[in-house]
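Heads up, the thing below is written out as structure tokens.
The values are calculated or read from the model by the stated rules, or taken from the named source; none is laboratory data. Nothing here was measured: the structure is a model prediction, and the numbers come from that model. All Cβ positions, even for glycine, are placed from backbone atoms using ideal geometry, and neighbour counts span all protein chains on display.
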Amino acid sequence: MSAAHKANGAVSPACGEEAALTSAAAQKEVALGGVAQVAAGARAGNSVRDAKTGDGQQPAVLTAARAGRCPKIVFFDSGMGGLSVFTEVRKLNPDCAYYYLFDHEVFPYGEKSEAFLVARVTTLLNKVSACLAPDLIVIACNTASTVVLDQIRPSFPIPIVGVVPAIKPAGELSRKRKIALLATPGTVQRAYTQRLIANFAADCEVLRIGTVALVHLAENCLLSEVSSYQHSHQGSSWEEHTVATIGSGLQLNAAQEQELRQILAPVTSLPSAQQPDVLILGCTHFPLLKDHIAEIVGPQIALVDSGAAIGRRVHTVLAQQLKERLAQGSPNDRQVQAGAWTAWYTGQVSALEHEQFAATFAYFGFHQVQALTL
Ligand code: DGL
């Protein structure tokens, strides 16, 4: 168990949004508390200029954090895949408080019915929103986003950013006009996905590969790899070892590599002229194995995923929220909210599994992992 995980504070029975801070979060709070007057100055001038440096070059999100208002962002996925999106979002939005909810109890989502997913995701997001009052939710799951987004957005008062397959960039990139979509069985057959293809890659031949096996492979690799890494590096975390390396850092044994080769065979077994030149990683789990996938399909096939675009989108949405807030002269009413970054899972797990979750999330900078009671 990591030091950060051991340092958990008191936990309320609901979502466990705690009052006690770990040392890292406490430092963040101290840093935020020291510049409260910047918020007042910015409001008065209706500007997001950084009063400390006066250079006006600070990203709006950073300025928001310095103004004592640290945006709370919740990530949601069925499992660990959303961490691939989280790493991209965090790079561009370092001064946010991050939370992660994963639906381990019914993982994976890939073959669940659309009605089930809508009901399930709505319940879970309502629950976490009631406990946490986040500023923004990222549905870091293509399988869920492609079915729930349109239905749940109207009932949430905050922006919901969805992750959907990167068909638009793939359509822009492909010279051969042949692309492949590697995603879950649910995602490849969704009407939403079909609309994306019709809108952004209508003239492309699209090879759809639906796989549940690759979701399990990525989830298991990340869990086992990070927990053994944590043990051998005595609790090192994202702070010291950037997770930019996750795509290449995860090791596959011979059987796993063979399995990955079989999953990719619909692409690699094609004669080269018929192969796509772009492969979309349309499930957030798959970038966790990006370098292994790239090595198997070869350099003539470009891999695209949605992670970096979601990072930019989150940055834009938060900047817009801050602008509106300052324009309205809203009070700076959330100065102290730098609680410990928390991940919640659904369902019952063994002590060992809980330890694996804790080690994995500690590696990504989260301070604690808890069971969510529905
Ligand atoms: N990571 C998810 C996605 O992007 C879900 C995978 C699953 O649970 O099947 O689709």
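With the requirement that a residue be more than 12 Å from the ligand (Cβ to nearest atom), in a helix (DSSP H, G or I) and within 17 Å of the chain's Cα centre (by Cα), what does segment 117-142 give you?
124, 125, 128, 129
Which of the residues belonging to segment 90-116 are assigned to a loop (DSSP other than H, G, I, E, B) and more than 24 Å from residue 342 (Cβ to Cβ)? Lay out the reasoning, then the answer.
Residues of segment 90-116 that are assigned to a loop (DSSP other than H, G, I, E, B), as a first pass: 93-96, 103, 107-113.
Matches in segment 90-116: 110, 111, 112, 113.
Only one of these is assigned to a helix (DSSP H, G or I), more than 19 Å from residue 294 (Cβ to Cβ), away from the ligand (no atom under 16 Å from the Cβ) and of a type in the set (S, T, N, Q): 224, 145. Name it.
Numbers: 145 fails: away from the ligand (no atom under 16 Å from the Cβ).
Only one candidate passes the filter, namely 224.
If I ask for residues that are in a strand (DSSP E or B) and under 11 Å from residue 182 (Cβ atoms), which ones from segment 205-219 would you list?
207, 208, 209, 210, listed by residue number.
Take residue 132 and decide whether it is crowded, with 22+ Cβ neighbours inside 10 Å, within 12 Å of residue 74 (Cα to Cα), modelled with pLDDT under 95 and among the hydrophobic types (A, V, I, L, M, F, W, C).
Considered against the rule, which asks whether it is crowded, with 22+ Cβ neighbours inside 10 Å, within 12 Å of residue 74 (Cα to Cα), modelled with pLDDT under 95 and among the hydrophobic types (A, V, I, L, M, F, W, C), residue 132 comes out as yes.
Does segment 182-189 contain any residue that is away from the ligand (no atom under 16 Å from the Cβ) and either in contact with a helix residue (DSSP H, G or I) (Cβ under 8 Å, 6 or more places away or on another chain) or assigned to a helix (DSSP H, G or I) (or both)?
Checking segment 182-189: not a single residue is away from the ligand (no atom under 16 Å from the Cβ) and either in contact with a helix residue (DSSP H, G or I) (Cβ under 8 Å, 6 or more places away or on another chain) or assigned to a helix (DSSP H, G or I) (or both).
Output yes when any residue across segment 105-116 is within 10 Å of the ligand (Cβ to nearest atom), more than 18 Å from the chain's Cα centre (by Cα) and within 24 Å of residue 196 (Cα to Cα), and no when none is.
So in segment 105-116, the residues within 10 Å of the ligand (Cβ to nearest atom) come out as 106-112.
Retained after the next criterion (residues that are more than 18 Å from the chain's Cα centre (by Cα)): 106, 111-112.
Restricting the remaining residues to those that are within 24 Å of residue 196 (Cα to Cα) gives 111-112.
Yes, that holds for at least one residue.
Given the structure, is residue 102 within 15 Å of the ligand (Cβ to nearest atom), over 27 Å from residue 250 (Cβ atoms), at pLDDT 95 or above and of a type in the set (A, V, I, L, M, F, W, C)?
Working: within 15 Å of the ligand (Cβ to nearest atom): yes; over 27 Å from residue 250 (Cβ atoms): no; at pLDDT 95 or above: yes; of a type in the set (A, V, I, L, M, F, W, C): yes.
Considered against the rule, which asks whether it is within 15 Å of the ligand (Cβ to nearest atom), over 27 Å from residue 250 (Cβ atoms), at pLDDT 95 or above and of a type in the set (A, V, I, L, M, F, W, C), residue 102 comes out as no.
Restricting to segment 263-303, name every residue that is among the charged types (D, E, K, R) and over 24 Å from the mean Cα position of the chain (by Cα).
277, 295
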